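For reference, the structure discussed in these notes is given below.
The values are calculated or read from the model by the stated rules, or taken from the named source; none is laboratory data. Being a predicted model, the structure only gives us computed values, none of them experimental. Cβ sites come from the backbone with ideal geometry, for glycine too, and all protein chains shown count toward neighbours.
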Amino acid sequence: CRPAALWKSSGSKPDMATPLLGDLWAQSPVEDRIFCSVLLFSWAVYLWEALLAWRQRTVYKTTTHVPLELGPIMDPETFEKSRLYQLDKSAFSFWSGLYSELEGTVILLCGGIPFLWSVSGDISNRAGFGSEYEIVQSLVFLLLATLFSAVTGLPWSLYNTFVIEEKHGFNQQTLGFFFKDAIKKFIVTQCILLPVTSLLLYIIKIG
């Protein structure tokens, strides 16, 4: 985009100057600016962490011999197994982290949070709780959000456990035990998270 002064000085389209990005930013609502700032900050943090992880992965790839400091306590075979394991884990961490960041971005841009809040309100209403029961709606929202997170994260957990961990001999779980354990963890999490959240929301409401 060119400044309006440049358009005027060139004598072309004096009344159709393209606004600068700064002008667009200044003219946008405060809510949009906050939204964009949060989104950009999230991606900045992710890219910084990805850069650090990439540098660490480079170390794993280039260090093929036992460092002198570890020579007395680690043999070459153990070191090589550890190095290959860390390479696989770093690759998995990169792709799972990228998916998580993209998923969060899509949810924010497509209005996933307001949509889920609306669904939570519909469920609360059908259960006999009107719009005045904000705490109930908030708990339903939290339950649905954590359920969505657990479901979308399940393929990654399965791959980590039954591909990477299995490949390197660290997996001691069966598929049935894995799902039982995942369900137990989800239930325990809800038993702790929902009461604590309801208490905090109640304190905020009366305060």
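Residues of segment 87-141 that are among the charged types (D, E, K, R) and under 19 Å from Ser37 (Cα atoms): Glu101, Glu103. Selection of segment 29-58 for residues being loosely packed, with under 12 Cβ neighbours inside 10 Å and among the aliphatic types (A, V, I, L, M) yields Val30, Ile34, Val38, Leu40, Ala44, Val45, Leu47, Leu51, Leu52. Per the conditions (1) closer than 26 Å to Leu144 by Cα; (2) small (Gly, Ala, Ser); (3) in contact with a helix residue (DSSP H, G or I) (Cβ under 7 Å, 6 or more places away or on another chain), the sole criterion not satisfied by Ser90 is (1).
Could you go through segment 2-13 and let me know if any residue there is assigned to a helix (DSSP H, G or I) and either modelled with pLDDT of 85 or more or in contact with a Cys (Cβ under 9 Å, 6 or more places away or on another chain) (or both).
Here is the first cut: in segment 2-13, the ones assigned to a helix (DSSP H, G or I) are 4-10.
Then keep just the ones that are either modelled with pLDDT of 85 or more or in contact with a Cys (Cβ under 9 Å, 6 or more places away or on another chain) (or both); that gives none.
No, segment 2-13 contains no residue that is assigned to a helix (DSSP H, G or I) and either modelled with pLDDT of 85 or more or in contact with a Cys (Cβ under 9 Å, 6 or more places away or on another chain) (or both).
The set of residues in segment 129-147 being among the charged types (D, E, K, R) and part of a loop (DSSP other than H, G, I, E, B) consists of Glu132 alone. In segment 71-128, which residue that is part of a helix (DSSP H, G or I) and among the β-branched types (Val, Ile, Thr) is surrounded by the fewest Cβ atoms within 10 Å (Cβ to Cβ)? The qualifying residue surrounded by the fewest Cβ atoms within 10 Å (Cβ to Cβ) is Val106.
Evaluation of Ile183 against the conditions (1) under 22 Å from the mean Cα position of the chain (by Cα); (2) exposed (fewer than 12 other Cβ atoms within 10 Å of the Cβ); (3) touching a residue at least 24 places away in the same chain (Cβ under 8 Å) shows that the sole unmet condition is (3).
Just to be sure before I move on: is Ile164 assigned to a helix (DSSP H, G or I), in contact (Cβ under 8 Å) with a residue 12 or more places away in the chain and outside the structural domain of Leu39 (by the TED database) in the structure I sent? So Ile164 fits the description; yes.
Just wondering, is there one or more residues in segment 37-50 that are more than 30 Å from Ile107 (Cβ to Cβ), assigned by the TED database to the domain that holds Thr105 and of a type outside the set (Gly, Ala, Ser)? Explain how you work it out, then say what you get.
Initial filter on segment 37-50 (more than 30 Å from Ile107 (Cβ to Cβ)): none.
Taking every residue of segment 37-50 in turn, none turns out to be more than 30 Å from Ile107 (Cβ to Cβ), assigned by the TED database to the domain that holds Thr105 and of a type outside the set (Gly, Ala, Ser).
Does Ile164 count as surrounded by 13 or more Cβ atoms within 10 Å (Cβ to Cβ), touching an Asp or Glu at 6+ places or on another chain (Cβ under 8 Å) and aliphatic (A, V, I, L, M)? So Ile164 passes the test. Restricted to segment 186-207, and to residues there that are touching a residue at least 60 places away in the same chain (Cβ under 8 Å) and surrounded by 14 or more Cβ atoms within 10 Å (Cβ to Cβ), the residue that is farthest from Lys81 (Cα to Cα) is Leu201. Screening Ala182 with (1) hydrophobic (A, V, I, L, M, F, W, C); (2) under 25 Å from Gly97 (Cα atoms); (3) outside any helix (DSSP H, G or I) gives one miss only, at (3).
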